[in-house]
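Q: Here you go, one structure.
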Amino acid sequence: MDNPCLKRVFTKLPEKRWVMFLDSGELETLRNLAGGIRRDTVSRLPDLLEELEPNCQQNGIQVHWAQTTEEANSIVLNIARKADAKLAVKGKSMVSEEMELNHFLAENGIEALESDLGEYIIQVDHELPSHIIMPAIHKNREEISEVFQKKVAPAKKSDTAEEMTETARQVLRDKFRRAELGISGVNFAVAETGTLCLVENEGNGRFCTTMPRVHVALMGIEKVVGKLEDLPPLLTVLTRSATGQPITTYFNMISSPRQDGEKDGPEEVHLVLLDNGRSRMYEDELLRDTLLCIRCGACMNHCPVYTRIGGHAYQSVYPGPIGKILTPQLEGIDTAGYLADASSLCGACVEACPVKIPITDILLKLRHKKAQSKKEHHWTELEGAKNLFEKITWKGWKFAFSQPWFYRMQASILSRTAQFLPDQLPMLRSWSRFRMVPRFSEKPLHQLVEEAGIAEE
Amino acid sequence: MDTSRSQILNALRNSRTGIPFSESQDLPKIPVPEWNLEEKVERLKNRMEAVHTEIHECTEKGFGKIFREVIKQKKITNLLYGKKTNWGNKLEAMRQRGPKTMPELIPYQKKIEDCKETLFSVDAGLTQTMGAIAETGSLILKPDGQEPRLLSLVPPIHLAVLDSKRIYSTFGEAIREEGWSRPMPTNVLLISGPSKTADIEQTLVYGIHGPKQLILFLIR
């Protein structure tokens, strides 16, 4: 079940992060400060958004509001069409993943190319990111090299990380030069100055926001902060928590499009503010804390479940603990509520979260909500004929566990034969598409216990 | 679109009534380090060298000699720079005095649409810096008409000049002292090293999309 890529990384990464916060007193103070700023910010969210908008507009940034991802997509498409764009280069943006923007633009004849190296690898290989900070974390070097050989530059030797990085650099520089549209996310938007802040190491974010004639920044409405002075503590917990760095290579603060006398920078800058369920989270005092998230990924890196099963198992844009509380609220409790059940509530994520989101409390609340919603809408359906299969399963389970002779016989048969079941069996496919199928032990537990010489009581 | 705006804001505002908001409590303060100039320089150097920045300390007078050495060692044959800037003027004077040991100087004077070819083919670019942050090891750049935004991004080698007197202890101090809040410069950048990635098996590689090398002349 363990992916060796994940195992290697996730023993290293939390260590790296803790080294960054050597002094646990400092860590606690920083978490209190950063969490406090986020709480204060979110509690004033409508005011801050109304402060951000005119300040951006005064700077020359055009502001758009979207309630749904469909609306956001069509805003971007309109901007792209006006700019006569055929090629858009993209910096990393989780909101764009929420929108499935690349797919949407492709359907409308516009190529949207990811330019963060990890995102690029995933996009070229038609996969989805498995981590919000390290999208290609589930792939090893040989696999990535194969992707480069087959789909990026067959003529080039791309075996080492250095060679592949150089290849990607050359391929993407050409794209940056040609693209008419640049798309980016936003890490923080400062209300008092109308400034969009982007955090990155590669420089692709700067390319996307500077080189093309038009820049579109996509932002969840919760990413606003009040003052410039709020930035240093948030930036420091973000970079330290995400990758264990004191700061990223680039912190890019964009306040306006190209001004008179400037020779580069986009001529138009657009900011799209996306709600997509966020204002609904705002209704509940506890669920609202979901909006504190600064998307650092620390909860994933510290989650004993995520680090073993990887991000694809969650089958949603946001994997890991934050995904378990975010996705059911974005997509609805009836369709994605099951994610809230898949947690042991161990609380490792809560300890790691740099802004102190009470993830386990929110999980419990979502489970409660889901149970209530089932009572109201689906209970009869669940007990009905639709779940005949489930009923039979439970009956069989009950029988097996109440008849020791049957249980032993079944265990010994399964331990000998079950590993020959193909993963692609229709019953297993919805599980095995993104996850490895657990294997039966070659010997049943009873036999192992007997062999170990432990007497049965 | 306007209706989306009002519906989002209304939804947020309606949620506010009825639910008690935690008063924003007194936030803890992070003690600001009291470093003297030497300590700030040391800290900045340590941080920046740890992420592959090459640092040359020199006096303003000694700049010419060290600069020529770096140019020779890095085989820089042409250099993009900002005209009518303090250091741009110095470069021009140096080139006039000794053209053989200086690279060809190309001022960034045209609009990007008309100079992409040059921008993508030069060996290096030189920028000034507004200051630096010791705590994180970051240079502060404020691109403008003279030194455009892409000058510190596209050329594979970024040469930067920093006056050591302008090193702040923390980012917070820089924000307060620079008096940015309003109006903000069109673009402010913190640059901490050459561009890098670790997206392939967490192997750290320098020089992905931005500069492959960052060379800092620290003027004492």
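The values are calculated or read from the model by the stated rules, or taken from the named source; none is laboratory data. Nothing here was measured: the structure is a model prediction, and the numbers come from that model. Heads up, the Cβs are rebuilt from the backbone with ideal geometry, glycines too, and the neighbour counts pull from every protein chain shown. SASA here: full protein model, heavy atoms, side chains in, ligands and nucleic acids out. Shrake-Rupley method; radii C 1.70, N 1.55, O 1.52, S 1.80 Å.
Q: Across peptide A:46-52, what mean number of C-beta atoms from other chains lies inside 10 Å of a residue's C-beta? Spell out each step's value before the answer.
A: Working: counts 9, 4, 0, 4, 4, 0, 0.
Partner Cβ neighbours, averaged per residue: 3.
Q: Now for a separate question. Can you put A:Ser24, A:Ser415 in order of accessible area, largest first, using a 1.4 Å probe?
A: The most accessible residue leads, giving A:Ser24, A:Ser415.
Q: Output the 0 to 90 degree angle, nearest 10, between the alpha-carbon long axis of helix B:2-16 and the longest principal axis computed from the alpha carbons of chain B.
A: 60 degrees
Q: So, in Å, what gap is there between the alpha-carbon centers of the range A:119-175 and the range A:204-254?
A: Going from one Cα centre to the other spans 24 Å.
Q: Heavy-atom accessible area per residue, the range A:315-373, 1.4 Å probe: how many Å²?
A: 37 Å²
Q: Next question, about the same structure. Excluding A:Ala242 itself, what net charge comes from residues whose Cβ is under 10 Å from its Cβ, given Lys and Arg +1 and Asp and Glu -1?
A: +3
Q: At 222 nm, what helix-only mean residue ellipticity would chain B give, in deg cm²/dmol to the nearest 500, using -39500 (n - 2.57) for each DSSP H run of four or more?
A: -10000 deg cm²/dmol
Q: Over the range B:36-219, what is the mean sequence separation of C-alpha contacts under 8 Å (at least six apart), divided by residue count, expressed as relative contact order in percent?
A: The normalised contact order for the range B:36-219 reaches 29 percent.
Q: At 1.4 Å probe size, with the rest of the protein present, what percent of the exposed accessible area of the range A:391-451 is carbon and sulfur atoms?
A: The computed percentage sits at 68.
Q: Assuming a viscosity of 1.567 mPa s and a temperature of 4 °C, what translational diffusion coefficient in µm² per second does Stokes-Einstein assign to the protein assembly as shown, Rh being the Kirkwood radius over Cα pairs?
A: Result for D is 48 µm²/s.
Q: At 222 nm, what value in deg cm²/dmol follows for chain A if DSSP H runs of at least 4 each add -39500 (n - 2.57) and the sum is divided by all its residues, to the nearest 500? Don't jump to the answer; show the numbers that get you there.
A: Values: 24 runs with 232 residues, N = 457.
Per the formula, -14500 deg cm²/dmol.
Q: Restricting to the protein assembly as shown, what percent of DSSP beta bridges are antiparallel, rounded to 5?
A: Antiparallel bridges: around 30 percent, rounded to the nearest 5.
Q: Whole angstrom only: what separates the Cα centroid of the range B:98-142 from the Cα centroid of the range A:319-366?
A: 46 Å
Q: I would also like to ask the following. Can you give the direction-averaged projected area of the convex hull of the alpha-carbon atoms in the range A:391-451, in nm²?
A: Taking a quarter of the hull surface, the average projection is 5.1 nm².
Q: Which value, in square angstrom to the nearest 100, describes the accessible area buried between chains B and A on both sides, using a 1.4 angstrom probe?
A: Interface between B and A: roughly 7600 Å².
Q: Anything over 22 Å Cα to Cα? Flag those among A:Lys16/A:Lys156; A:Lys227/B:Lys212; B:Lys110/B:Lys142; A:Lys90/B:Lys116; A:Lys223/B:Lys40; A:Lys151/B:Lys74, in the order listed.
A: Numbers: A:Lys16/A:Lys156 34 Å; A:Lys227/B:Lys212 33 Å; B:Lys110/B:Lys142 19 Å; A:Lys90/B:Lys116 20 Å; A:Lys223/B:Lys40 32 Å; A:Lys151/B:Lys74 34 Å.
Distance filter (> 22 Å) returns A:Lys16/A:Lys156; A:Lys227/B:Lys212; A:Lys223/B:Lys40; A:Lys151/B:Lys74.
Q: Still on this structure: Dipole size in debye (nearest 20) for the range B:10-114 around its Cα centre, Lys and Arg Cβ +1, Asp and Glu Cβ -1? Provide the component values of the computation, followed by the final result.
A: Details: 21 positive and 15 negative charges, 139 e Å.
Its charge dipole is roughly 660 debye.
Q: Over the residues of the range B:36-219, compute the C-alpha Rg and express it relative to 2.2 N^0.38 Å.
A: 1.01
Q: For A:His126, tell me the accessible area in Å² from a 1.4 Å probe, rounded to the nearest 10.
A: 150 Å²
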